[in-house]
Amino acid sequence: MTDYDVIVIGAGNAGLSAAATMQRGGRRTLLLERHNVPGGAAHSFVRGRYEFEVSLHQLAGMHGEGPLRAVFDMLDVTRRLEFVIDDDLYRTVVPGVLDVTLPADWQGVIDTLDAHYPGNRAQLTRFMELVRETGVWQLVARSSLHKMQEMTEWLTGLSDVRRYGLKSFQEVLDDFFTDERLKLVLSSYWSYNGRMPSQCPFMDLARLITLYIEFKPYQVVGGSMSMSSAMLDSFLEAGGEVKFNANVTRIITRGGAACGVRLEDGTEVSSRMVISNAPSITTYTKMLEDGVVPDRVLRDLRGRTIGPSATVTYLGLDAPAAELGFLSSTNFIHADLDERATDRSSRTLEPARFLVATCYDVRPTGYAPPGTSQVALASLHYAAPWEAVAPEDYAAAKFAFAQTQLELLKAVAPGVRDVIEEAEVATPITFKRYLSQPGGTIYGFEQDASDSWLFRDEDLKPNVPGLVCISNWTGAGGYNSMIVMAARVCQRILSM
Ligand SMILES: Cc1cc2nc3c(=O)[nH]c(=O)nc-3n(C[C@H](O)[C@H](O)[C@H](O)COP(=O)(O)OP(=O)(O)OC[C@H]3O[C@@H](n4cnc5c(N)ncnc54)[C@H](O)[C@@H]3O)c2cc1C
């Protein structure tokens, strides 16, 4: 008799979703988290009178029949939370070149872009239809992997999806449009994938755009910390057990199959199955004894690249959002149209050339005190340039970079500097330290076409018997993806 049926390592989005699904499915589940709070990246921190959202900019998949809502309903989480729908999809600004706000509506996107860039209506209509077909097919196919034949037959009828699916987003844009401004607006969500449009698979961005338009961009009252607490409550109410400050150092195996874990303090706990929400690269290379992980898995890991992290400046502003110029919650601000220069800048500490400026109080989410607003300025960065900064120069480097983000922010909110009450800057080093993510990465491995869910779906064929890895590193990252994927994988296990 084992201590538990299932041990889940890590209480991030995926770990919480997996633990709640297994426990509610009747499996005695122990959740072990090395931190003293749940959530991983879905978390908050306090400075002065502000509680800052660490990572959630826009929640996808919550509206109508959205995949995230379906999981939250199943886990009895929806009723514990309050949501606010963003009015806009996003606003994209290049100072002096363009300033376009898109609605979260298929036809609205076509109408808005045609108004800004006349003469493109027919192509816009075709393009958005392609995005929608590609996105919807993937969403349905991913939830119906057991019906692969039906999904393949459906795909056979979608000739454009087959033609464009594995091209880069930029290649497809180039096939449809000539105006670089229009292309930049349409590709704004690239930063939610971590790859520039020229490297980002069309399929991935089409899925993202579909999730946000079809199921609307949401904010959560109380931020992602409320979501993490609600998922934890769902797990505990069903009888699950959680231990915080519980750093798992080893996955114990017997006959090559996972059968428990060892904690940093030496405690050993046995189980019939282990689910790891720790990065798969850490799970396979540091937590298992030699010889257990197949060579092909280790070779594959060695051939992959760690994706970007971010430098995020969190601001508590002593003025309401509208007074400062924030008309949309999500603002993508570019220095110019030069994508290559922006890509290069994510590997250096040169002045910010791109940022996602998220204001959480355009429609209040209950985070900032009345009359104030909370803003996060995120620029994608790899860890290397930050790791090269000497410790004694680190604080100065952080705030110097933040100054350049503020400079870019002027295009949307020129008066922000005068009302800053609190400011904190997190770099890839911060995310590496607090989230235990190699490279501080936001989405795990670089999201290349070869990483597509079409080619990798570990849960269907575990690499180590009794061990399932579910995290950013085993599929497309993000809140919706992680929570939904973990619940689906666990439902499949429960049904076996
Ligand atoms: C700055 C930032 C902005 C983002 N913006 C968005 C956004 O707007 N929209 C969106 O959808 N996504 C966004 N993301 C991405 C999203 O947050 C992640 O994809 C998602 O939260 C990852 O979930 P996870 O469960 O895989 O990993 P994590 O959240 O990293 O959770 C892993 C958990 O495992 C624990 N753990 C690790 N090792 C051990 C161990 N050995 N023992 C015990 N516990 C362990 C960690 O402490 C952590 O709690 C953002 C991320 C960041 C950092």
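With every protein chain kept in place and ligands, DNA and RNA left out, what is the accessible area per residue of region 250-304? Probe 1.4 Å, answer in Å².
Accessible area per residue, region 250-304: 53 Å².
Considering only protein heavy atoms and a 1.4 Å probe, what is the carbon-and-sulfur percentage of the accessible area of region 105-214?
Ligands and nucleic acids excluded, carbon and sulfur reach 49 percent.
Work out the charge dipole of the chain with +1 on the Cβ of Lys and Arg and -1 on the Cβ of Asp and Glu about the Cα centre, then indicate which of Phe244, Cys359, Ala122 is farthest towards its positive end.
Phe244
Put a dot 7 Å past each Cα toward the Cβ at Glu241 and Thr305; how far apart are the dots in nm?
4.5 nm
List every DSSP H helix in the chain whose Cα atoms extend 15 Å or more along the helix's own long axis and whose mean Kyte-Doolittle hydropathy is at least -1.0.
Helices meeting the criterion: 13-24, 106-116, 121-143, 202-214, 223-237, 394-409, 479-494.
Within region 192-206, which residues have the backbone N less than 14 Å from the label spot 7 Å out from Leu166 along Cα→beta-carbon, could you tell me?
Residues 201-204 fall inside that zone.
Mind jotting down the distance between the C-alpha centroids of region 3-57 and region 85-153, whole Å?
So the two Cα centres are separated by 32 Å.
Keeping every protein chain in place, order Ile306, Ile281 by accessible area at 1.4 Å, biggest value first, i.e. largest first.
Order by accessible area, largest first: Ile306, Ile281.
Given a 1.4 angstrom probe, I'd like the percentage of the accessible area of region 364-440 that is carbon and sulfur, rounded to a whole number.
On region 364-440, the fraction of accessible area on carbon and sulfur atoms equals 59 percent.
Out of every Cα-Cα pair in region 105-214, what percent are more than 16 Å apart?
57 percent
Under a 1.4 Å probe, what is the accessible area of region 105-214 per residue, stated in Å²?
I get 40 Å² per residue for region 105-214.
Is region 36-119 best put as rounded, prolate or oblate by its Cα gyration tensor, with a ≥ b ≥ c the root eigenvalues, rounded for a/c under 1.5, and otherwise prolate when a/b is larger than b/c, oblate when not?
Because a/c hits 1.5 or more and a/b fails to exceed b/c, region 36-119 counts as oblate.
Nothing charged except the Cβ atoms of Lys and Arg (+1) and of Asp and Glu (-1): what's the magnitude of the dipole of the chain about its Cα centre? Round to the nearest 20 debye.
1240 debye
Considering only protein heavy atoms and a probe of 1.4 Å, how much of the accessible area of region 1-58 is carbon and sulfur, as a whole percent?
Carbon and sulfur: 48 percent of the exposed surface of region 1-58.
Between Asp175 and Asp318, what length comes free when the chain is fully extended (0.36 nm per residue of separation minus the Cα-Cα distance, one decimal in nm)?
Using 0.36 nm per residue and subtracting the Cα-Cα distance, I get 46.9 nm.
Using the alpha carbons of the chain, what is the convex hull volume per residue in cubic angstrom, as a whole number?
Given the Cα convex hull of the chain, per-residue volume reads 144 Å³.
Among Lys216/Lys286; Lys167/Lys216; Lys216/Lys410; Lys183/Lys410; Lys183/Lys216, which pairs are too far apart, with a Cα-Cα distance over 29 Å?
Pairs exceeding the cut-off: Lys216/Lys286.
With the other protein chains left in place, how much accessible area per residue, in square angstrom, belongs to region 1-69 at a 1.4 angstrom probe?
Counting only protein heavy atoms, the per-residue value for region 1-69 is 32 Å².
The values are calculated or read from the model by the stated rules, or taken from the named source; none is laboratory data. Nothing here was measured: the structure is a model prediction, and the numbers come from that model. We place every Cβ from the backbone using ideal geometry, glycine too, and count neighbours over all the protein chains shown. Accessible surface areas use protein heavy atoms only, side chains included; no ligands, DNA or RNA. Shrake-Rupley method; radii C 1.70, N 1.55, O 1.52, S 1.80 Å.
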